[in-house]
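Before any comments, here is the structure.
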């Protein structure tokens with residue numbers, strides 16, 4: 001099945017503690033059905049000091065379920081993603097506006 005959400009997409013969180021927050025997808029794990037979104041689902045990771053790193057408490061974005069994310073259309077609203085063929089190529093489009101993503 002084709003990926004509805006990809007790296008670099010602007011998304012909004014639909015459910016959970018970060019509901020309503022927006023961000024950009026930095027990585028996707030299709031087999032686990034999760035994605036890492038910048039600034040969303042943050043956790044504190046304690047790192048040990050090394051020669052190259054100061055160490056300490058560092059906030060890190062954790063993966064979030066793809067079902068809790070929705071693509072942002074050109075109007076800044078959450079939308080579902082559909083597929084259609086244009087010029088012999090399969091493209092993704094926003095269901096609310098109909099424009100190609």
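Miscellaneous remarks
- Residue count for segment 1-15, restricted to those that are part of a loop (DSSP other than H, G, I, E, B), within 20 Å of residue 78 (Cα to Cα) and over 8 Å from the mean Cα position of the chain (by Cα): 5.
- One residue alone among 18, 53 is farther than 23 Å from residue 3 by Cβ, without any contact (Cβ under 8 Å) to a residue 60 or more places away in the chain, touching a strand residue (DSSP E or B) at 6+ places or on another chain (Cβ under 9 Å) and not in a strand (DSSP E or B), and that residue is 53.
- Test: residue in segment 67-75 that is without any contact (Cβ under 8 Å) to a residue 24 or more places away in the chain and more than 19 Å from residue 28 (Cα to Cα): yes
- Segment 36-50: number of residues that are under 17 Å from residue 72 (Cα atoms) and assigned to a loop (DSSP other than H, G, I, E, B): 3
- Positions within segment 56-77 being surrounded by fewer than 15 Cβ atoms within 10 Å (Cβ to Cβ) and either touching a helix residue (DSSP H, G or I) at 6+ places or on another chain (Cβ under 9 Å) or not in a strand (DSSP E or B) (or both), in sequence order: 62, 67, 74, 75, 76, 77
- Any hit, segment 25-35, residues being in contact with a strand residue (DSSP E or B) (Cβ under 8 Å, 6 or more places away or on another chain), free of Cβ contacts under 8 Å to residues at least 24 places away in the same chain, part of a loop (DSSP other than H, G, I, E, B) and exposed (fewer than 11 other Cβ atoms within 10 Å of the Cβ): no
- Matching residues, segment 78-99, being under 19 Å from the mean Cα position of the chain (by Cα), assigned to a strand (DSSP E or B) and more than 30 Å from residue 45 (Cβ to Cβ): 79, 81, 82, 83, 91, 92, 93, 94
Any read-out appearing in this document is the output of simple, stated calculations on the displayed coordinates, not a laboratory observation. Not measured: the values here are computed from a predicted model. Glycine gets a Cβ as well: all are built from the backbone with ideal geometry, and neighbour counts include every protein chain shown.
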